[in-house]
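Asks: Structure in structure tokens, see below.
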Amino acid sequence: MSDAVAVQTPLLNNAGWRPRLSSGWVGGLLLLMIALPCFVTLPWSLGQYNEHNMAEGMQLRPPSWSEPMGTDLFGQSVMWRSLLGGAISLTIGGCAALISVFIGVTWGATAGYIGGRVDSAMMRVVDVLYGLPYILLVVLMNLALKPFVYNGLLWVGEHVSGSKGNPLFNESSASGMSGVVTLLLAIGGVSWLTMARVIRGQVLSLRSQPFMEAARAVGTGHVRTMLVHLLPNLIGPIVVYATLTVPQAILQESFLSFLGIGVEAPIPSWGNLASEGLPQLHKMATHADKVEWWLLLFPCLLLGMTLMGLNFLGDALRNRLDPKRAKT
């Protein structure tokens, strides 16, 4: 009996990958359950999110079979607005993460590969940006870029449609889209600092490896060396930190939209939907008779589950792809 226990116990102890794998699966399933409906229902949510129903009894309806998430003050469906808001928030987070990865990998790889004074100068820029308030940088970039993006969308709308009398983007739609575009550019433009530091450290450690010496010995060009020899060895850290950047970008978008300086109404996002439901907390605190709890619950629940799923997925990828953690 003792021998059987001695044989089985190591098998159980060696299954240390199971909790990490299960957390990754849980995160992936949570993300799939929320993101898939948000994007699949776009053709319907784009047509339904801004429909007002001011008929008596249609305003501020609690969840029911006809409206699973209830309606808001204007009779708009909270479900359709939450689905479209989720697609917008996830798009902003994903695109901002791609911008962050591109800038961070380019900056960090260049600094680490060249080294010397160039490396010192480039990393001092990163240090200075690290010392500035993150939210302040995002707000300033948002305010600076929005007029250019707005005018650019109007120009594209007039020329792509081929008719100035019927532009693709009018002033109203261009104003709403410019808020989305400038927000993802602003978040992506200031969230690359950690990525740059990580990639620089990886490149510095890889630069002295034998395969890099061999590449220099055969006369391989700098660009080819970085793309063919360095980049494949950086895929692990890039994937890990990109996965962890997405929830940060979504949270920043939601926070700025909550403050009213992100995605502008009537275009929904989880942040401004939560901001619209914020007065319900005051009603709960004052024990008001009528509390429209669904206005706050569903956007915050979807946002929280998405962030939790992305963090689970990012932690699982870090455990699987990070060499230092793999050794421990």
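The values are calculated or read from the model by the stated rules, or taken from the named source; none is laboratory data. Since we're looking at a predicted model, the values are computed, not measured. Note: ideal-geometry Cβ built from the backbone for every residue, glycine included; neighbour counts use all protein chains shown. These accessible areas exclude ligands, DNA and RNA; they are computed on the full protein's heavy atoms, side chains included. Shrake-Rupley method; radii C 1.70, N 1.55, O 1.52, S 1.80 Å.
Asks: Which value in nm describes the separation of the simple spin-label points at Arg224 and Leu301, placed 7 Å from the Cα toward the beta carbon?
Replies: Modelled inter-label distance: 5.8 nm.
Asks: Any idea of the accessible area per residue across the stretch 204-328, 1.4 Å probe, to the nearest Å²?
Replies: On a per-residue basis, 54 Å².
Asks: Let me ask you something else. Please state the relative contact order of the stretch 254-312 as a whole percent: Cα pairs under 8 Å, 6+ residues apart?
Replies: RCO, the stretch 254-312: 27 percent.
Asks: Now for a different question. Given +1 on the Cβ of Lys and Arg, -1 on the Cβ of Asp and Glu, and no further charges, what dipole in debye does the chain carry about its Cα centre, rounded to the nearest 20?
Replies: 1380
Asks: Then there's this: Could you tell me the relative contact order of the stretch 199-328? Use alpha-carbon pairs under 8 Å, at least six residues apart, and round to a whole percent.
Replies: It rounds to 24 percent for the stretch 199-328.
Asks: In the chain, which longest range has no trypsin sites (Lys or Arg not before Pro) that are both DSSP loop (not H, G, I, E or B) and surrounded by at most 11 other Cβ atoms within 10 Å?
Replies: 1-163
Asks: Also, quick follow-up: Just report the Cα centroid separation between the stretch 83-133 and the stretch 183-220, whole Å.
Replies: Measuring centre to centre over Cα atoms gives 12 Å.
Asks: Also: Could you give the length gained on full extension between Arg216 and Val291, defined as 0.36 nm per residue of separation minus the Cα-Cα distance, in nm?
Replies: So the chain would gain 20.1 nm between Arg216 and Val291.
Asks: Calculate, in nm to one decimal, what Phe102 and Leu259 gain on full extension: separation in residues at 0.36 nm each, minus their alpha carbon distance.
Replies: 53.7 nm
Asks: Select from Ser175, Ser45, Ser66 the residue whose mean-square fluctuation is largest in a Gaussian network model of the chain (Cα-Cα springs shorter than 10 Å).
Replies: Top of the fluctuation ranking is Ser66.
Asks: Calculate, in nm to one decimal, what Trp44 and Ile135 gain on full extension: separation in residues at 0.36 nm each, minus their alpha carbon distance.
Replies: Extra length available between Trp44 and Ile135 comes to 29.4 nm.
Asks: Which one of Ser82, Ser208, Ser23 has the biggest mean-square fluctuation once the chain is modelled by GNM with Cα springs under 10 Å?
Replies: Sorting by GNM fluctuation, first place goes to Ser208.
Asks: Quick one: with all protein chains in place, what share of the accessible area of the chain is carbon or sulfur, to the nearest percent (1.4 Å probe)?
Replies: The value for the chain is 68 percent carbon and sulfur by accessible area.
Asks: What is the distance in Å between the Cα centres of the stretch 252-328 and the stretch 27-44?
Replies: If we compute the Cα centre of each part, the gap is 15 Å.
Asks: Next question, about the same structure. Of Pro232, Leu251, Ser64, whose Cα points farthest to the positive end of the dipole of the chain (charges on the beta-carbon: +1 Lys, Arg; -1 Asp, Glu; origin at the Cα centre)?
Replies: So the residue furthest toward the plus end is Pro232.
Asks: Please identify the longest segment of the chain free of exposed GluC sites (Glu not before Pro), where exposed means a DSSP state other than H, G, I, E or B and no more than 15 other Cβ atoms within 10 Å.
Replies: 57-328
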